1. Looking at segment B:8-36, I want the residues that are under 11 Å from B:L78 (Cβ atoms) and have a partner that is polar (S, T, N, Q) with Cβ atoms under 8 Å, at least 6 apart or on another chain. Which pairs are those?
2. Out of the residues in segment B:54-70 that are within 8 Å of chain A (Cβ to nearest Cβ) and within 18 Å of A:K139 (Cβ to Cβ), which is surrounded by the most Cβ atoms within 10 Å (Cβ to Cβ)?
3. In segment B:150-165, is there at least one residue being without any contact (Cβ under 8 Å) to a residue 24 or more places away in the chain, more than 9 Å from chain A (Cβ to nearest Cβ), under 22 Å from A:R89 (Cα atoms) and not acidic (D, E)?
4. Of all residues in segment B:1-41, which are assigned to a loop (DSSP other than H, G, I, E, B), among the small types (G, A, S) and over 14 Å from the mean Cα position of the chain (by Cα)?
5. Here are some conditions: (1) surrounded by fewer than 16 Cβ atoms within 10 Å (Cβ to Cβ); (2) among the hydrophobic types (A, V, I, L, M, F, W, C); (3) touching a helix residue (DSSP H, G or I) at 6+ places or on another chain (Cβ under 8 Å). B:A200 meets all but one. Which one does it not meet?
6. How about segment A:7-20: which of its residues are crowded, with 16+ Cβ neighbours inside 10 Å, on the phi < 0 side of the Ramachandran plot and touching a Gly at 6+ places or on another chain (Cβ under 8 Å)?
7. Whether any residue in segment A:73-80 is crowded, with 20+ Cβ neighbours inside 10 Å, touching a residue at least 12 places away in the same chain (Cβ under 8 Å) and among the small types (G, A, S) is what I want to check.
8. If you go through segment B:101-113 one residue at a time, do you hit one that is among the aliphatic types (A, V, I, L, M), touching a residue at least 12 places away in the same chain (Cβ under 8 Å) and within 21 Å of B:F140 (Cα to Cα)?
Number of protein chains: 2
Amino acid sequence: MAYELYYWPGIQGRGEFVRLAFEYSNTPYLDVARRAGGMKKMFSVMQRERVFAPPFLRSGKDVVFQTAAILHYLGPRLGLAPKSEARRRRLHQLQLTITDWLVEVHDCHHPVGVMLYYEDQKPESKRRAVSFRRERLPKFLRYFEGILGKEKQFSYVNLSLFQMMEGLDYAFPRTMERIRAPALRANQLRVRQRVADYLASPRRIPFNTQGIFRHYPELDR
Amino acid sequence: MAYELYYWPGIQGRGEFVRLAFEYSNTPYLDVARRAGGMKKMFSVMQRERVFAPPFLRSGKDVVFQTAAILHYLGPRLGLAPKSEARRRRLHQLQLTITDWLVEVHDCHHPVGVMLYYEDQKPESKRRAVSFRRERLPKFLRYFEGILGKEKQFSYVNLSLFQMMEGLDYAFPRTMERIRAPALRANQLRVRQRVADYLASPRRIPFNTQGIFRHYPELDR
């Protein structure tokens, strides 16, 4: 039975970190909510299995939610993590740190409320984006630049770092142009080549201003 | 060798979720950064082991950071999680959801920037707190109220839910008074009795307006 991924259709969002693991490893999967009747099915499984929020994965009897937990589960199964418990644990901690980073990206355009529109929190977003660009973004980039210099074995963390760089390039092109991160850039290029077919396919949803990475020029000075 | 916990002295913060696991299970541990020379040691281990941020745990050769990952590691070792992989995975997903909830608590008083003072983001905090109190807080409470009705085996998630309720009672007393959550309240009382000695000891740092849970009356209407 194929893996079933459940995530909002229409945005890359957190689901994309899981899609990349499937696509990179040529693993068949169903992107359930993007199929006919899929949204209804998603809500029904969520309620029955007490899933707090998408994305979640279904594989036989196993249901896993929380992006980092899904990747922790899939890693060894897809050949994207070593089998050693200590090494897997280390990767998971890195992925959880990427999760934190992603929240901060999201909050640049939603500092006041998840349920409000960006247009209703523009001045607050501008202030938040300044502190993100000046302090937080460099801190995360510096950290993962150091990590990539150390971690030699390719894993799902490399795929997630590719996605972070692609998203940041889309959302903050001016800021990212000023940044030097050779190891992250090399990883980004390498992954981009390896998943080129996927990126050119309709399965890759384009970045847009509904997702987590959003391009608003006023937030990118 | 005793477990070593590393976390900022002076606040409960994320470290408290780990402290509670040790205290509840009567497990000896060193709260390293609260001892003489401890901060220096913390920074030195962080740098050498490439830890992104406290809290982190050291146990022999193992170094684990990210609160939820620390509890996932400690759970079966302290008798606070079943040994079955599927059940452990489920608890971990719940803990990660508590992590998300805690970020939203923190962002009530820091919507604009982690590096700024609360006093520099008061109007933004007021707006953020409204959406937290009206939409997000009830959503998380409802979710975990349902979970507690289902999960019969006591685990570190019960301890974390205790800590969430204690923190919310401190930070948002007016709001919490209006909330009905019988399963969460019963769990809170039960844990409070079991760790009464710890709560009365100097090892329990009092809540204060430096931590994640902060009481600012203007945010609690």
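The values are calculated or read from the model by the stated rules, or taken from the named source; none is laboratory data. Everything numeric here is computed off the predicted structure, so don't read it as measured data. All Cβ positions, even for glycine, are placed from backbone atoms using ideal geometry, and neighbour counts span all protein chains on display.
1. B:V18/B:T67; B:L20/B:S160; B:L20/B:Q163; B:A21/B:T27
2. So the residue we want is B:Q66.
3. No, that holds for no residue.
4. Matches in segment B:1-41: B:A2, B:G10, B:S25, B:A36, B:G37.
5. With respect to (1) surrounded by fewer than 16 Cβ atoms within 10 Å (Cβ to Cβ); (2) among the hydrophobic types (A, V, I, L, M, F, W, C); (3) touching a helix residue (DSSP H, G or I) at 6+ places or on another chain (Cβ under 8 Å), B:A200 is out only on (3).
6. Initial filter on segment A:7-20 (crowded, with 16+ Cβ neighbours inside 10 Å): A:7-8, A:11-20.
Remaining after also requiring on the phi < 0 side of the Ramachandran plot: A:7-8, A:11-12, A:14-20.
Once the filter is applied, which keeps residues that are crowded, with 16+ Cβ neighbours inside 10 Å, on the phi < 0 side of the Ramachandran plot and touching a Gly at 6+ places or on another chain (Cβ under 8 Å), segment A:7-20 yields A:Y7, A:W8, A:I11, A:Q12.
7. yes
8. As a first pass, look at segment B:101-113 and keep what is among the aliphatic types (A, V, I, L, M): B:102-103, B:105, B:112.
Checking the rest, the ones that are also touching a residue at least 12 places away in the same chain (Cβ under 8 Å) come to B:102, B:105, B:112.
Narrowing further to those that are within 21 Å of B:F140 (Cα to Cα): B:102, B:105.
The answer is yes, given that some residue of segment B:101-113 is among the aliphatic types (A, V, I, L, M), touching a residue at least 12 places away in the same chain (Cβ under 8 Å) and within 21 Å of B:F140 (Cα to Cα).
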